[in-house]
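Undergrad: Please read through the structure below; I'll follow up with questions.
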Amino acid sequence: MDARALMDKLVSFPTVSSVSNLELIDWVEDYLDGHGVTATRVYNDDRTKANLYANVGPEVEGGVILSGHTDVVPVEGQAWDTDPFVVTQKGDKLYGRGTCDMKGFDALALSAVPLALERGIKRPIQIALSYDEEVGCVGAPFMIAEMREHMPAASAAIIGEPSMMKVVSGHKGGYGWRVHMHGFEVHSSLMHTGVSAIMEGARLIMWANDLNDEIRARTPSDTAAQFEPPFTTVHTGMISGGTANNITAKDCAFSIDLRLVPGDDIKDYADRLMAKVAEVEARMQAVVPETRIEIEQRFHVPGLRPEADGEAERLVRQLTGDNGTHVVSYGTEAGQFQQKDYSAIICGPGDIAQAHQPNEFISVDQFQQGEAFIGRLVDQLAEG
């Protein structure tokens, strides 16, 4: 199967993050087995999803990891002109959920397997496919830890998120909390005797607004200045709660998320958040002692720090010819590889602007550039 046929097959699996990806993993494992390559799975707790990794070529150090995720975002509520789980070509575009983000790259990584074996590469390619990237890069850390322990150490990890084949050397970290305010219901005419979970929750959201103003007023660091925007941001994207307009809200739930510039201290922000939570909770309990605030971390995605003379960056610049400086504000699994002492870089086909959109597509030209990139990588590994 060539790269295009592989993408067609991968896209046909509707691996939305809310469902299992095991049917896709089964197929990839069979595909690798057909080429004499043994794959290893790393399951989630209830064994409904799995990561998969494999070493292609000699069992020696100095190889290159090709990393992608298998999950995609939902299509419900989006106006698609084609079947989202069938790759459909119209002109110079290939439409389908995941063509851009990021089953296109997954297909390219798998297409490298027979080519690498045919060329007799002297340093291995290591395939790394994860689950639940789209809901906070949840699955990859377990896989990366096992790869570190059980596989020859790779010299570079290429995370193939869509970057228009540009070399992206940094991204912000992502940290998210789920907040559940437990208030006390009374008639709103006697609101002083109750505790409105919504109105008390608003104090925490206003804290986030004030913190954003504080951060914006700072002079950006040299690292932060590379990003757009050039600072850490705090955001609440969803909120729910309340029973009726004339009842103080018993419950209110919302998120507080940070996009953290590499180098900023997450502990400082987390400590400040928890201090504000304690302050608001004490105010609530002074009125009704049994009220409380429940807060838990939803996800933690470390940022990718630009590396000084990093092996991954040097390799990918050589393969692409791109000498520009590129960073992004969205998160990827690259920071998780870097956290485990891999030299990591982001480079993949497609435009991130297409990710998560109805009628998601990758251009034929970008996909072909990805194929050429894989060919050059295999050539390099065959040379030693």
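The values are calculated or read from the model by the stated rules, or taken from the named source; none is laboratory data. Quantities reported herein were computed from a predicted structural model and do not represent experimental measurements. For neighbour counting, all protein chains shown are included, and Cβ atoms are generated from backbone atoms with ideal geometry for every residue, glycine included. Accessible surface is based on the protein model in full, side chains and every heavy atom, while ligands, DNA and RNA are left aside. Shrake-Rupley method; radii C 1.70, N 1.55, O 1.52, S 1.80 Å.
Undergrad: Being open to solvent by 40 Å² or more (accessible area, probe 1.4 Å) and either more than 22 Å from residue 19 (Cβ to Cβ) or of a type in the set (Gly, Ala, Ser) (or both) is the filter here, so list the residues in region 44-57 that pass it. Full working, then the answer.
TA: Of region 44-57, the ones open to solvent by 40 Å² or more (accessible area, probe 1.4 Å) are 45-48.
None - no residue of region 44-57 is open to solvent by 40 Å² or more (accessible area, probe 1.4 Å) and either more than 22 Å from residue 19 (Cβ to Cβ) or of a type in the set (Gly, Ala, Ser) (or both), so the list stays empty.
Undergrad: Can you list the strands (runs of 3 or more DSSP E) lying wholly within region 275-384 that have 1 or more residues being open to solvent by less than 20 Å² (accessible area, probe 1.4 Å)?
TA: Details: elements: 292-301, 326-328, 344-346, 361-363.
Those strands (runs of 3 or more DSSP E) span 292-301, 344-346, 361-363.
Undergrad: Condition (residue is under 17 Å from residue 133 (Cα atoms) and open to solvent by 10 Å² or more (accessible area, probe 1.4 Å)) applied to region 27-41: is it met by at least one residue? Give the derivation first.
TA: Restricting attention to region 27-41, the residues satisfying the condition of being under 17 Å from residue 133 (Cα atoms) are 41.
Going one step further and asking which of them are open to solvent by 10 Å² or more (accessible area, probe 1.4 Å), we end up with 41.
Yes, region 27-41 contains a residue that is under 17 Å from residue 133 (Cα atoms) and open to solvent by 10 Å² or more (accessible area, probe 1.4 Å).
Undergrad: Could you list all residues from region 117-175 that are touching a helix residue (DSSP H, G or I) at 6+ places or on another chain (Cβ under 7 Å), in a loop (DSSP other than H, G, I, E, B) and within 22 Å of residue 26 (Cα to Cα)?
TA: Within region 117-175, 133, 137, 160 meet the criteria.
Undergrad: I need the full set of residues from region 13-26 which are among the polar types (S, T, N, Q) and open to solvent by 50 Å² or more (accessible area, probe 1.4 Å), in order please. Don't jump to the end; show me each part of the working.
TA: Of the residues in region 13-26, the ones among the polar types (S, T, N, Q) are 15, 17-18, 20-21.
Answer for region 13-26, where residues must be among the polar types (S, T, N, Q) and open to solvent by 50 Å² or more (accessible area, probe 1.4 Å): 18, 20.
Undergrad: Still on this model: Quick one: which of 104, 98 is open to solvent by less than 20 Å² (accessible area, probe 1.4 Å) and either modelled with pLDDT under 95 or part of a helix (DSSP H, G or I) (or both)?
TA: Numbers: 98 fails: either modelled with pLDDT under 95 or part of a helix (DSSP H, G or I) (or both).
Testing whether each residue is open to solvent by less than 20 Å² (accessible area, probe 1.4 Å) and either modelled with pLDDT under 95 or part of a helix (DSSP H, G or I) (or both) leaves just 104.
Undergrad: Quick check: anything in region 111-122 in contact with a Phe, Trp or Tyr (Cβ under 7 Å, 6 or more places away or on another chain) and not aromatic (Phe, Trp, Tyr)?
TA: Going residue by residue through region 111-122, those that are in contact with a Phe, Trp or Tyr (Cβ under 7 Å, 6 or more places away or on another chain) are none.
The answer is no; no qualifying residue exists.
Undergrad: Restricting attention to region 107-135, which residues are β-branched (Val, Ile, Thr) and open to solvent by less than 40 Å² (accessible area, probe 1.4 Å)? Even if it seems obvious, please write down each step before you answer.
TA: Looking only at region 107-135, we keep the residues that are β-branched (Val, Ile, Thr), and these are 113, 121, 125, 127, 135.
Scanning region 107-135 gives 113, 121, 125, 127.
Undergrad: How do the strands (runs of 3 or more DSSP E) wholly within region 1-95 filter down when requiring 2 or more residues that are at pLDDT 95 or above and closer than 23 Å to residue 118 by Cα: which remain? If you could, list the steps in order and put the result at the bottom.
TA: Working: elements: 39-43, 50-56, 64-69, 88-90, 93-95.
Correct list: 39-43, 50-56, 64-69.
Undergrad: Of the residues 351, 309, only one is at pLDDT below 95 and either under 16 Å from the mean Cα position of the chain (by Cα) or farther than 26 Å from residue 74 by Cβ (or both); which? Spell out the reasoning first.
TA: Values: 351 fails: at pLDDT below 95.
Selected residue: 309, the only one of 351, 309 that is at pLDDT below 95 and either under 16 Å from the mean Cα position of the chain (by Cα) or farther than 26 Å from residue 74 by Cβ (or both).
Undergrad: For region 32-72, give me the residue count where each residue is in contact (Cβ under 8 Å) with a residue 60 or more places away in the chain and under 21 Å from the mean Cα position of the chain (by Cα). Before you say what the answer is, go through the steps one by one.
TA: Of region 32-72, the ones in contact (Cβ under 8 Å) with a residue 60 or more places away in the chain are 32, 35-37, 39-40, 42, 44, 49-72.
Subset that is under 21 Å from the mean Cα position of the chain (by Cα): 42, 44, 49-54, 64-72.
Qualifying residue count, region 32-72: 17.
Undergrad: Somewhere in region 182-194, is a residue in contact with a helix residue (DSSP H, G or I) (Cβ under 8 Å, 6 or more places away or on another chain), open to solvent by 10 Å² or more (accessible area, probe 1.4 Å), within 26 Å of residue 258 (Cβ to Cβ) and at pLDDT below 95?
TA: No; the residues of region 182-194 include none that is in contact with a helix residue (DSSP H, G or I) (Cβ under 8 Å, 6 or more places away or on another chain), open to solvent by 10 Å² or more (accessible area, probe 1.4 Å), within 26 Å of residue 258 (Cβ to Cβ) and at pLDDT below 95.
Undergrad: Tell me, yes or no, whether region 261-271 has at least one residue that is crowded, with 20+ Cβ neighbours inside 10 Å, under 21 Å from the mean Cα position of the chain (by Cα) and not acidic (Asp, Glu).
TA: Among the residues of region 261-271, at least one is crowded, with 20+ Cβ neighbours inside 10 Å, under 21 Å from the mean Cα position of the chain (by Cα) and not acidic (Asp, Glu), which makes the answer yes.
Undergrad: When you look at residue 82, is it of a type in the set (Val, Ile, Thr) and crowded, with 24+ Cβ neighbours inside 10 Å, yes or no? Steps first, answer last, please.
TA: Values: of a type in the set (Val, Ile, Thr): yes; crowded, with 24+ Cβ neighbours inside 10 Å: no.
Considered against the rule, which asks whether it is of a type in the set (Val, Ile, Thr) and crowded, with 24+ Cβ neighbours inside 10 Å, residue 82 comes out as no.
Undergrad: A further question follows. Quick check on my filter: what residues within region 221-260 are open to solvent by 20 Å² or more (accessible area, probe 1.4 Å) and among the aliphatic types (A, V, I, L, M)? So that I can check it myself, show each step before the final result.
TA: In the first step, residues of region 221-260 are kept if they are open to solvent by 20 Å² or more (accessible area, probe 1.4 Å); the result is 221-223, 225-226, 228-231, 233, 235-247, 250-251, 253, 257, 259.
Within region 221-260, 225, 238, 239, 244, 247, 253 qualify.
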